[in-house]
Amino acid sequence: MRTPDLSTHYLGLQLKSPLVVSASPLSKNLSTVRRLEDAGAAAIVMYSLFEEQILHESYELDYYLDVGAHSHSEALSYFPDLDHYNLEPEAYLDHLHNIKQAVHIPVIGSLNGASPGGWIEYARKIEQAGADALELNCYYLPTDLDLSSAELEDIYVELVTAVRSTIQIPLALKLSPFFTALPHAAKRFVGAGADALVLFNRFYQPDLDCEALEVIPNLNLSTSHDLRLPLRWIAILYGRLQADFALTSGVHSAPDVLKGIMAGATATMMAPELLGQGIDRLITIAADLRQWMEEHEYDNVASMRGSMSQRSVADPAAFERANYMKALNSLDRVLP
Ligand SMILES: Cc1cc2nc3c(=O)[nH]c(=O)nc-3n(C[C@H](O)[C@H](O)[C@H](O)COP(=O)(O)O)c2cc1C
């Protein structure tokens, strides 16, 4: 049998495999980015340029973090170590340009924001700096009692529409799982111009220090267990929207990648696994993937995609509420 073909298409880009590096500090250094390419990364999503950075470029850092913590909690979460990030928007664009010169694989810029405004201009600047596509990470934390979920979705639609009309390159929308009716919201976002949905963003969940009476801002890294949430939703949405799906959250191994593809993802993104285990982990994961495909006589990734989506499995209800009771009852056997 021929060596299995791992190539895939994501956002109209030809990728040598589904193994994409997600937005993270891994794109901070040119030397790291080159090593990622050498180890087999199919594409790299750059760490984000935040709306707050663009709007408050000239503010003192303390002020920025303080404002960020209250208005867009996620922003703070991505700055566990500020040395990993460039705070200057122009420096971000320069770095993106330099990365494009340094590697041959596609480079996806990342813009992170939540409110319509002038910062969206940076989508064009990211395109001009050479990005092959743009990932728009929208995360609006709704704390207003008078803001309905429909109004919240309107904000997202407005953002996607604005960014779409600003750039020519493909646009991916990275979302959190917190939508009341995700399929309908996803349909609206794709209708507004998202070429791909990146599911799901992990986000900042503050902890409480009961002794110091302080809120502790930290970000726990994922495990493979976190895969379940995006897996289910990609499986449910696959084949029903004119969009690609990228799976982010909990991708740590070849089985995780396989599950993502079979649910319907075109790209599976990872960062913590590479931060923790080293960049060469990519080589092992690709080898494990090929070996599994050989053993199970799959020639290519395309033939596996969506094979375990809700449309294809023998028991579609397994993804839905119908299976909830069954799952709960299955625990009866462990009753003391
Ligand atoms: C240290 C760190 C920094 C991150 N920075 C960004 C960022 O700048 N922009 C973004 O959209 N996501 C960012 N993320 C989120 C990741 O891209 C990814 O979507 C998320 O961590 C879920 O995937 P995982 O389970 O592989 O961690 C960051 C994650 C980590 C752990």
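The residues on offer are 312, 307, and the sole one that is more than 30 Å from residue 34 (Cβ to Cβ) and touching a residue at least 24 places away in the same chain (Cβ under 8 Å) is 307. Here region 15-32 is the region considered, the condition is being more than 22 Å from residue 5 (Cα to Cα) and of a type in the set (A, V, I, L, M), and the residue that is surrounded by the fewest Cβ atoms within 10 Å (Cβ to Cβ) is 30. Note on region 187-202: among residues that are within 15 Å of the ligand (Cβ to nearest atom) and in a loop (DSSP other than H, G, I, E, B), the one that is modelled with the lowest pLDDT is 202. Here is a check on your reading of the model: is residue 35 farther than 16 Å from residue 135 by Cβ, at pLDDT 95 or above and of a type outside the set (A, V, I, L, M, F, W, C)? Criteria met by residue 35. Against the conditions (1) part of a helix (DSSP H, G or I); (2) open to solvent by 30 Å² or more (accessible area, probe 1.4 Å), residue 286 satisfies every one except (2). Residues that are open to solvent by 20 Å² or more (accessible area, probe 1.4 Å), touching a residue at least 40 places away in the same chain (Cβ under 8 Å) and within 13 Å of the ligand (Cβ to nearest atom) do occur in region 223-233, at least one of them.
The values are calculated or read from the model by the stated rules, or taken from the named source; none is laboratory data. It should be emphasised that the depicted structure is a prediction, and the values quoted were computed from it without experimental measurement. Here Cβ is always computed from backbone atoms with ideal geometry, including for glycine, and neighbour counts include all displayed protein chains. Ligands, DNA and RNA are stripped out before the accessible areas are found, and what is left, the full protein with its side chains, is counted by its heavy atoms. Shrake-Rupley method; radii C 1.70, N 1.55, O 1.52, S 1.80 Å.
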